[in-house]
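Rule-based calculations on the coordinates, nothing more; no lab input. Since the structure is predicted, the reported quantities are computational estimates derived from the model, not experimental observations. As a convention, Cβ positions derive from the backbone with ideal geometry for all residues, glycine included, and neighbour counts pool all protein chains shown.
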């Protein structure tokens with residue numbers, strides 16, 4: 001089977017999913033199972049001191065023995081905070097190196113601050129992390145992040161949690177064509193056709209959270225996304241027919257028609 | 001008395017204590033967590049011997065759902 005390779009490890013699924021915004025851990029796990037995802041993101045947050053110690057733990061719902069966990073830096077607005085968060089994640093996950101870096105620049109749009117992202121990426125790569133990096137769809141920044149040594153470039157399709165789909169397929173294509181590391185659309189996918197379009201453009205994978213978690217039926221949407229990513233990938237590999245502007249081409253034979 | 005800042009909140013303790021003793025007092029023993037003291041990671045192997053001093057700034061974190 002044709003596989004996705006990130007930082008030397010291969011994966012059968014090209015769909016990566018988040019674990020935020022679900023009703024409970026049972027729903028989280030059911031959606032992840034339906035998605036077929038092998039790489040699953042999580043966030044790092046201060047422990048709630050004084051909470052009931054028997055409260056369920058995310059790591060029981062998505063055990064590191066079964067999934068490749070991808071700790072993120074969501075909510076970090078500086079390179080320093082992002083680096084500290086991922087060092088804590090590495091300690092928490094017993095030396096785990098694969099991480100998702102995102103440094104935000106604005107609380108309303110959650111648009112990435114690419115200057116701080118570049119700084120953090122440099123520090124993390126030097127520190128031995130395998131960095132999958134969330135960034136804008138700017139091909140120049142994407143190239144610089146690759147040159148720093150990031151193991152995957154993850155441009156947004158549209159704003160985080162917006163469900164607006166792929167707003168700039170041209171920029172995504174530029175990034176895909178220039179990159180020697182996997183390119184994954186991260187953020188903005190709203191429904192299955194968005195994921196299929198991302199894959200048809202030639203993306204190596206898609207990372208999503210809200211599109212599944214905030215669907216009316218998250219488990220069913222997770223299953224739809226799995227099929228969309230697979231269908232989009234197959235369509236990309238198959239190579240689509242050329243678009244013919246203002247001209248038709250009949251599918252049935254022109255000869256042998258009756259009454260001629 | 002010593003004061004430690006834990007996850008942004010000041011807390012007082014009668015004397016310097018090890019990280020593992022602090023986790024016991026906070027009822028966090030056995031939880032899967034990571035600890036940073038003054039910006040540096042405290043490895044799990046150092047929880048028993050790392051003595052916390054007045055003014056230390058601690059972050060204690062866990063994994064939560066996120067995208």
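Peptide A:152-164 has a mean shielding of 0, counted as Cβ atoms of other protein chains within 10 Å of each residue's Cβ. Judged by the mean number of other Cβ atoms found within 10 Å, the most tightly packed of the peptides A:182-191, A:106-115 leads the ranking A:182-191, A:106-115. Once you sort the root eigenvalues of the Cα gyration tensor of the range A:20-121 as a ≥ b ≥ c, which label holds: rounded (a/c under 1.5), prolate (a/b larger than b/c) or oblate (the other case)? The shape class here is prolate. Every helix of 4 or more DSSP H residues in the protein assembly as shown counts as -39500 (n - 2.57), and over all residues that averages to -9500 deg cm²/dmol at 222 nm. Shown here are the Rg and Dmax of the Cα trace of the range A:49-204, at 16.1, 51 Å. Counting only Cα atoms, the size of chain B along its three principal axes is 41, 23, 22 Å, in decreasing order.
For chain A, the direction-averaged projected area of the alpha-carbon convex hull comes to 18.0 nm².
Going from the fewest other Cβ atoms within 10 Å to the most, the residues B:54, A:214 appear in the order B:54, A:214. Averaging the sequence gap over all C-alpha pairs within less than 8 Å and six or more residues apart, then dividing by the number of residues, gives the range A:1-57 a relative contact order of 32 percent. Against the main long axis of the alpha-carbon atoms of chain A, helix A:169-178 sits at an angle near 70°. Ordering A:167, A:58, A:86 by the number of other Cβ atoms within 10 Å of each residue's own Cβ, fewest first, gives A:167, A:58, A:86.
Can you pull the Kirkwood radius for the range A:175-260, inverse mean 1/r over Cα pairs, to one decimal in Å? Can you show the working numbers first?
Working: mean 1/r = 0.0654 Å⁻¹.
For the range A:175-260, inverting the mean 1/r across all distinct Cα pairs yields 15.3 Å.
Largest mean-square fluctuation among A:228, A:157, A:195, in a Gaussian network model of chain A whose springs join Cα atoms under 10 Å apart, belongs to A:228.
Counting Cβ atoms of other protein chains within 10 Å of each Cβ in A:19-28 and taking the mean gives 2. Taking Cα atoms only, the orientation of helix A:218-238 departs from the longest principal axis of chain A by about 50 degrees.
Going from the fewest other Cβ atoms within 10 Å to the most, the residues A:229, A:17, B:61 appear in the order B:61, A:229, A:17. Relative protection proxy for A:33-42, A:75-84, B:19-28, A:241-250, from highest mean packing down: A:33-42, A:75-84, B:19-28, A:241-250 (other beta-carbon atoms within 10 angstrom).
Relative to the longest principal axis of the Cα atoms of chain A, helix A:25-35 runs at roughly 30 degrees. Contact order for chain B, expressed relative to its length and based on alpha carbon pairs under 8 Å spaced 6+ residues apart, stands at 44 percent. Shielding of peptide B:31-39 by partners, expressed as the average count of other chain Cβ atoms within 10 Å per residue Cβ, is 5. Relative contact order, whole percent, for chain A stands at 18, derived from Cα pairs under 8 Å and 6 or more residues apart.
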